[in-house]
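One structure is given here, and the rest of the page talks about it.
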Amino acid sequence: MSHEFLPAVKKHLRTAVGFYCSAPHCGKQTNVFNRERLLEQYDGDAAHIYGANPGSARYADLPSGWERDGAENGIWLCATCHRQVDQNARLFPGDLLERWKKWAEKAHELGYRRMNRNTHASADIREDLERAKQFVSGIWPAVEGFRNCYSSVASASRWDTYRSISPLATRIIRTLGCGGNWGWNNSHQHWTFVEDFQLWQTELVRLASILSSYPAFKISNRDSEVDWRHVRIPHETKPFSSTLVFHDETAAAIYLFIQQVYRFDDFLNEYRGTSHHSFSMLQTDRY
C-alpha cells in the first residue's frame, strides 16, 4: 500500500510554515502565482519525516503512536531538499527533520523567514558576504578532489571504479566537521553574523561532521578507497543537465555534500545587494 498525504494535510503543512521550505538553511518560498492561468503553483511538497513505504528513508523509525500519513509525520520542503533528505537517512535523520519542522513553524509564527531575519547589530553584510565566500573557497580543494575521483570513472562502468580520497580532502572534511582550526563559533575567521549565511555554513559543518565518521575519512585508515561506480540520470525539467547516482554509500554521501556546497555558492552569488558578478570557482561544469 502506497502512502500519500491527503490534500488537507498538505495544506496544513505548507500554510504552517508560510509556504517556505522548512530546511532553515534553504528557506525557499515554494508558492508562485501563475498570471496566465490565474492560479497558485507550488515548487515543493509534503515529505514524510519517517518514510512512506518499506525501504524508504527512516521508514523503520516511525515513533509509536504516529500515523504514517498524519500531519505529525510530514514536513514541507522544496523539491530539491525533499529529494536530498530522501536520498540519505544517515545525513538527514528523523530527529533533524523534526527540529527543522518545529523551527520553521515557529519562525513563520514570528514572521521570521528569509529577507526578514534580524542580523547582528554590528554586522556588515559586505564583509560577511566575503567571509562566507572565503568559507566556500576553503572547501573547494576537497570538492575538486572528490570530483577528480568520480569524473575519472565512466558512467555505468563496473570496472576500475575504486579511487582513493586524497589526504587534503580528508583533512578539510575532518577539520570542518571536527573542530581544530575550523572550530565553529564566533571566533572562527569565517564566522558570519548574517543568519542567511550562518545557517548554510552550519549545515555544511553538520554534514562534514557526519562524513568524517565514515571509515574512508578515518585518520588511522590507510585504505581510503571508495567505489565511485555511478550512473548518470538526466534531469526531467533541465535540458542538457543530469545528476549522478552512486552505488556506494560513502560516494553517495560525498556527492550530496558537494551538491550542498554548490547550492550555498549559488546562494551567495545571487544574494540581494551584491553586484551579481560571478565569484565562484564552482560555476563551471559541476557534474
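How much net charge surrounds THR15 when only the other residues with a Cβ under 15 Å from the Cβ of THR15 are counted, with Lys and Arg +1 and Asp and Glu -1? Summing Lys/Arg as +1 and Asp/Glu as -1 gives +2. Seen through its C-alpha gyration tensor, with square-root eigenvalues sorted a ≥ b ≥ c, the stretch 46-154 comes out oblate because a/c lies at 1.5 or above while a/b is not bigger than b/c.
Annotation: extensible slack from VAL245 through GLN134 equals 37.0 nm (criterion: 0.36 nm per residue apart, minus Cα-Cα distance). For GLY74, the residues whose modelled amide H falls within less than 5 Å of its own, excluding neighbours fewer than 5 places apart on the same chain, are ILE49. Our helix-only sum for the chain, with -39,500 (n - 2.57) per DSSP H run of n ≥ 4 divided by its residues, gives a mean residue ellipticity at 222 nm of -13000 deg cm²/dmol. Taking a ≥ b ≥ c as the square roots of the Cα gyration tensor eigenvalues, with a/c under 1.5 meaning rounded and otherwise prolate when a/b beats b/c, else oblate, which class fits the stretch 125-270? Oblate shape, in that a/c is at least 1.5 and b/c is the bigger or equal ratio. Cβ-Cβ distance of ARG37 and GLU4, R₀ of 30 Å, FRET efficiency by 1/(1 + (r/R0)^6): the value works out to about 0.80.
Taken as entire DSSP H runs, the helices of the chain that both span 30 Å or more between Cα atoms along their own long axis and average -1.0 or more on the Kyte-Doolittle scale are 125-151, 249-270. Under 5 Å from the amide H of THR30 lie the amide H atoms of TYR20, CYS21, each residue being 5 or more positions distant or on a separate chain, with H modelled from the backbone and absent for Pro and chain starts. Separation of the stretch 1-33 from the stretch 41-81 is 11 Å, based on Cα centroids.
Residue separation of GLU109 and GLU72 scaled by 0.36 nm, minus their Cα-Cα distance, works out to 11.6 nm of gained length. In the elastic network of the chain, a GNM with C-alpha springs shorter than 10 Å, the most mobile of PRO167, PRO63, PRO93 is PRO63.
In the neighborhood of GLY51, defined by Cβ-to-Cβ distances under 10 Å, what is the net charge if each Lys or Arg adds +1 and each Asp or Glu adds -1? Cβ neighbours under 10 Å give a net charge of 0. Among the listed values [x] 33, 27, 18; [y] 30, 26, 20; [z] 31, 23, 15, the one matching semi-axes √(5λ) of the Cα gyration tensor in Å as calculated from this structure is [y]. Computed from phi, the 3J(HN,Hα) profile of the stretch 64-71 under the Karplus parametrisation 6.51, -1.76, 1.60 (θ = phi - 60°) reads 4, x, 7, 8, 4, 10, x, 4 Hz, with x in place of Gly and Pro. Taking GluC sites (Glu not before Pro) as exposed when their DSSP state is a loop state and no more than 16 other Cβ atoms lie within 10 Å, the longest site-free interval of the chain runs over 68-235. What is the sum of charges around GLU249, taking Lys and Arg as +1, Asp and Glu as -1, for the other residues whose C-beta is under 13 Å from the C-beta of GLU249? Taking every other residue near GLU249 into account, the sum is 0. Of the DSSP beta bridges with both residues in the chain, give the percent that are antiparallel, rounding to the nearest 5. Bridges in the chain are about 100 percent antiparallel. Computed extension gain for ARG171 through ARG99, at 0.36 nm per residue and net of the alpha carbon distance, reaches 23.0 nm. Qualifying trypsin sites (Lys or Arg not before Pro) in the stretch 123-174, where qualification requires a DSSP coil assignment and no more than 14 other C-beta atoms within 10 Å, comprise ARG158.
Spin-label pair ILE219-SER56: with each label point 7 Å from Cα along the Cα-Cβ axis, the two points sit 4.2 nm from one another.
Only the coordinates and a few stated rules stand behind these numbers; no lab work does. Because the structure is a prediction, the values reported are computed rather than measured. So basically every Cβ, Gly included, is an ideal-geometry build from the backbone, and we count neighbours across all protein chains shown.
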